[in-house]
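The values are calculated or read from the model by the stated rules, or taken from the named source; none is laboratory data. Since this is a predicted model, take the numbers as computed values, not measurements. Positions of Cβ are generated from backbone atoms using ideal geometry, with glycine treated the same way; all protein chains shown enter the neighbour counts. Just so you know, the surface numbers come from the protein's heavy atoms only, side chains and all, with ligands and any DNA or RNA stripped out. Shrake-Rupley method; radii C 1.70, N 1.55, O 1.52, S 1.80 Å.
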Amino acid sequence: MAKSELSIFIDESGDFGPFKPHSPNYYVAMIFHDQEINISENIKALNFQLENIGYPNHTVHTGPIIRKELAYKNDLMENRKKIFNAMFHFIRKAPIHYICPKINKAECEDSEIAYIAKLSKSISNELKRNYDYLNSFDLKIVYYDFGQPGLTTVITSIFATLFTNVEFRKVQPAEYRLFQAADLICTMELTKDKADKNQFSKSELEFFHSPRDFKKNLYRQLEKKKL
């Protein structure tokens, strides 16, 4: 009998540096995909859309799309929105789910140890809340780019403690659309918190129009994918 497998793609937003009022939270998005459910057609449709926009084989980075940075600094708003919408609707339509634990760094002592302790508790609580579902799979494969040593320590220790039959694989963002999807989740959860406080930046106002429009037209659809 074939083993059931759950893929878990992880990305983060923020760092373990000093608290800053304009960026108080640290987010960890985890996307879950049951490997028995084929998403190749969803990926094919996303790739087709990106190619039609003029971005074949493109690695999508949501934050820079919104802020008009890096690869998108010379792009028109129309094209940036098309790229964003392609990834957003890929997540909305694909048979995947997510969680996004977070911490407020203002509630921590200003040290990496304090961040790790609080983040570990936040992630552990979210995973325990969904323990029966996650543990129903014979194998859990965790994909992360190991970009932040603190988070690497947290996720490896928590998954190894809570579950048996866990594998960890280092990935590059360009290799997996679901890793890029986790990047979008981080940005959207951060943007939701800013919308709740009516603290949109100029770039966010230009891209989403208003906090109300963002929550009504986008976030309301996205949160249906929460595990």
Response to the item:
One would report the antiparallel percent of DSSP beta bridges in the chain, rounded to the nearest 5, as 60 percent
Item to complete: Any lysines with Cα under 16 Å of the LYS44 Cα? List them, leaving off those in the same chain fewer than 8 positions away.
Response: LYS93
Worksheet item: Tell me, what is the FRET efficiency for LYS68 and THR164 to the nearest 0.05, using R0 = 41 angstrom and their Cβ-Cβ distance as r?
Response: 0.35
Item to complete: Starting from the exponent 0.38 and prefactor 2.2 Å, build the expected Rg for the chain from its residue count and divide its actual Cα Rg by it.
Response: 1.01
Response to the item:
HN-Hα couplings for segment 70-85 via Karplus (6.51, -1.76, 1.60; θ = phi - 60°), in whole Hz with x for Gly/Pro, come out as 6, 5, 9, 5, 10, 8, 5, 4, 4, 5, 4, 5, 5, 5, 4, 5
Fill in: Interatomic Cα distance distribution for segment 1-111, bins of 5 angstrom, percent
2, 10, 16, 17, 16, 16, 11, 7, 4, 1, 0
Practice prompt. Would you mind getting the accessible area per residue of segment 45-110, heavy atoms of the protein chains only, 1.4 Å probe, in Å²?
Written response: 53 Å²
Response to the item:
Taking r as the C-beta separation of LYS121 and ASN52 and R0 as 30 Å, the FRET efficiency to the nearest 0.05 is 0.10
Fill in: Residue-averaged 222 nm ellipticity for the chain, from DSSP H runs of 4+ at -39500 (n - 2.57), nearest 500
-14000 deg cm²/dmol
Worksheet entry | Estimated vicinal HN-Hα couplings, Hz - segment 139-145 in sequence order (Karplus 6.51, -1.76, 1.60; Gly, Pro = x) | 9, 10, 10, 9, 10, 8, 8
Discussion item. Taking the full set of protein chains and a 1.4 angstrom probe, give the accessible area of HIS58 in square angstrom, rounded to the nearest 10.
Written reply: 30 Å²
Fill in: Pairs from LYS170/LYS225; LYS118/LYS224; LYS73/LYS128; LYS73/LYS121 whose Cα-Cα separation, in the structure shown, is over 30 Å
LYS73/LYS128; LYS73/LYS121
Worksheet item: ASN38 to ASN198: extension gain in nm, 0.36 nm per residue of separation minus the Cα-Cα distance?
Response: 53.7 nm
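What's the magnitude of the charge dipole for segment 79-167 around its Cα centre, counting Lys and Arg as +1 and Asp and Glu as -1 at the beta-carbon? Answer in Debye, nearest 20. Show your work: numbers first, answer last.
Values: 12 positive and 9 negative charges, 137 e Å.
Using Cβ point charges on Lys, Arg, Asp and Glu, segment 79-167 gives about 660 debye.
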Practice prompt. Give the carbon-plus-sulfur fraction of the accessible surface of the chain in %, rounded to a whole number; probe 1.4 Å, heavy atoms of protein chains only.
Written response: 48 percent
